[in-house]
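Notes follow once the structure below has been shown.
The values are calculated or read from the model by the stated rules, or taken from the named source; none is laboratory data. This structure is a prediction, so every number in the text was calculated from the model and none was measured. Counting neighbours? That spans all protein chains shown, and the Cβs are built from the backbone with ideal geometry, glycine included. Areas reflect the complete protein model, heavy atoms only, side chains present, ligands, DNA and RNA absent. Shrake-Rupley method; radii C 1.70, N 1.55, O 1.52, S 1.80 Å.
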Amino acid sequence: MADSPYCDLNVLTALTLTALVLYVPANLLPILEVNLLGSIRTATIAHGAWITINQGFWLVGSAIFLAAVVAPLLMLLSILMQLILVSLEVGQRPLRWLLRWHPTLDQFTMLEVYLISFFVAAFKLGDFADLHFGIGTISFLLLFLISFYVQYEYNHQLMWERYDRAFKR
């Protein structure tokens, strides 16, 4: 394991916990404040998805909510549970289930698509409104970076090998 390009499981656990801590303000605090002719509006990611659904674009709004709110949380919780179960060598069935479903869950986590969309919208809004970015924006950017690093450092094959070592004695 010394030549493995992936980080230690303890480091991956710390990164995952950091991402979960950042998840809370990134999703509860406004990521954007728009001041248009004295009318100030703030929005969170979930609120943006809800507005999209209410405007009749339920498929797009649901996709935003799933890809930017639900899937990242489930992905981070899945990795954390895998790390805990592998470290303690308990929970063979839940661990096997998490390992089987992780690639599918990983495909639904698309924070980068939402981030790009956010920057495009902010750029276009900047022409005719005053925009203010706050703690929610910083938290979301940090969540994106840490989540990206967690996904980069996570090795699905290594987790299966640890599963086999722990339960196929």
* Scan segment 47-73 and report the pairs whose first residue is under 19 Å from Leu22 (Cβ atoms) and in contact (Cβ under 8 Å) with a residue 60 or more places away in the chain and whose second residue is assigned to a helix (DSSP H, G or I) and among the hydrophobic types (A, V, I, L, M, F, W, C), with Cβ atoms within less than 6 Å and a gap of 6+ or a chain change. => Pro72/Leu111
* Asked: What is the number of the single condition among (1) under 18 Å from the mean Cα position of the chain (by Cα); (2) exposed (fewer than 14 other Cβ atoms within 10 Å of the Cβ) that Phe65 does not meet?
  -> (2)
* Structure fact -> Cβ pairs under 6 Å, 6+ apart or interchain, first in segment 135-163 and open to solvent by 60 Å² or more (accessible area, probe 1.4 Å), second outside any helix (DSSP H, G or I), ordered by first then second residue, are Ile135/Leu29
* Ala46, sole failed condition from (1) among the small types (Gly, Ala, Ser); (2) within 23 Å of Gln151 (Cα to Cα); (3) exposed (fewer than 13 other Cβ atoms within 10 Å of the Cβ) -> (3)
* Asked: Among (1) over 20 Å from Asn155 (Cβ atoms); (2) among the polar types (S, T, N, Q); (3) modelled with pLDDT of 80 or more, where does Ser117 come up short?
  -> (3)
* Structure fact -> The correct count of residues that are open to solvent by 30 Å² or more (accessible area, probe 1.4 Å), over 25 Å from Ser62 (Cα atoms) and either in contact with a Pro (Cβ under 9 Å, 6 or more places away or on another chain) or touching a residue at least 60 places away in the same chain (Cβ under 8 Å) (or both) in segment 85-114 is 4
* Structure fact -> The correct count of residues that are modelled with pLDDT of 80 or more and open to solvent by less than 30 Å² (accessible area, probe 1.4 Å) in segment 24-43 is 3
* Taking the condition open to solvent by 70 Å² or more (accessible area, probe 1.4 Å), within 26 Å of His156 (Cα to Cα) and small (Gly, Ala, Ser), does Ser78 pass? -> no
* To do: Hey, can you tell me all the residues within segment 14-53 that are part of a helix (DSSP H, G or I) and either touching a His at 6+ places or on another chain (Cβ under 7 Å) or aromatic (Phe, Trp, Tyr) (or both)?
  => Tyr23, Trp50
